Amino acid sequence: MRYPADRLLQILAEVSTEHRCLVIGEDLGLIPKGLQDDLAAAHILSYRILSYEQDEKGFKPVDVYPVLALACISTHDHQTLAGWWRGADIQARCEHGIVPPDLTEKHLEDRKRERRNLKAVLKAAGLELPAVLSQARASEETLRELTVSGYRFIARTPSLLAAVRLADLTDEKGPTNVPVHQRQLSELEAEAIGFARGSDVEPAAQERDGGNAGGTAAGVIKAGRAVRFIIVVR
């Protein structure tokens, strides 16, 4: 089944103009050929997630991210960057029987290569890495430093919007959309507002502001009643 794409894009353009808002397309996973070009032509922002921005050479460098995009490390469907580094997503799929043990072993080997590639792309961007960052079992402090470097990387992209995920700041132990990992929404919202006003978002804000203090955290993004992101605007 095919939808009238041109007409739908026209409707989006008209509504976004009327309400003076940006539109972000979830152009992730398996998408029709040419869709990203069509979205860009319609000035609909792409959705660029760090772990998805890889090719046969490794993680894509900071300067190839498109201007018309929201750049972020992960979404509510994913582990935090610390969880990704530990391979928590791979272990969760294995524990729930989604992936067989032999494929899990392959994924764990792939993650070793991905960790090396992430370190390489961060270094290539001129970002500092924790002194000891050689294995999955890094300390919480080390992984927090890695997360800050990750957000500095995202903030250095040309993309118009950079999203700082609340779960990374609060070191949640699982994906936000898995009920067992969800905390009280009021508690998370209070933390989000505090982070938006405080120093935890400052590294990304400074990168957006050319390395100077005073970059602007524009506020929080919610999905329903649940806080998802703090947005830092270029």
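We did not get these values from a lab; they are worked out from the coordinates using the rules stated. This one's a predicted model, so the numbers in the text were calculated from it and none came from an experiment. Cβ coordinates were reconstructed from backbone atoms using ideal geometry, including for glycine residues, and neighbour counts include every protein chain displayed.
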Phi-derived 3J(HN,Hα) across segment 48-63 with the Karplus relation (6.51, -1.76, 1.60, θ = phi - 60°), rounded Hz, x for Gly and Pro, is 10, 9, 3, 5, 8, 8, 10, 9, 5, 8, x, 6, 6, x, 4, 7
re segment 78-180: pairs of Cα atoms spaced beyond 23 Å account for a percent value of 30
Phi angles of segment 86-97, converted by Karplus (6.51 cos²θ - 1.76 cosθ + 1.60, θ = phi - 60°) into ³J(HN,Hα) in whole Hz with x for Gly and Pro, give 6, x, 5, 5, 5, 5, 5, 5, 5, 4, 8, x
With a 24 Å threshold on alpha-carbon distance, the violating pairs from LYS33/LYS112; LYS33/LYS60; LYS123/LYS173; LYS112/LYS173; LYS57/LYS123; LYS60/LYS106 are LYS33/LYS112; LYS123/LYS173
From the Cα centre of segment 58-76 to that of segment 112-162, the distance in Å is 13
Fewest-first ordering of CYS21, CYS72 by Cβ atoms within 10 Å yields CYS21, CYS72
The value for segment 35-112 (convex hull of the alpha-carbon atoms, volume per residue, Å³) is 126
At 20 °C and 1.002 mPa s, the Stokes-Einstein diffusion coefficient in µm²/s for segment 1-158, with hydrodynamic radius from the Kirkwood sum on alpha carbon pairs, is 121
Here, GLU95 and ARG113, labelled 7 Å along Cα→Cβ, have an inter-label distance in nm of 2.7
The long-range amide H neighbours of ALA162, using H built 1.01 Å from N in the peptide plane and a cut-off of under 5 Å, are ALA71, VAL232, ARG234
For GLU18 and LEU35, extending 7 Å from Cα along the Cα-Cβ vector and measuring point to point gives, in nm, a value of 2.5
Mean 1/r over distinct Cα pairs of segment 84-141, inverted to a Kirkwood Rh in Å, yields 12.6
Expected sort for LEU103, LEU169 with the fewest Cβ neighbours (10 Å cutoff) up front is LEU103, LEU169
Assertion target for GLU114, GLU18, GLU172, ordered by fewest C-beta neighbours within 10 angstrom first, is GLU18, GLU114, GLU172
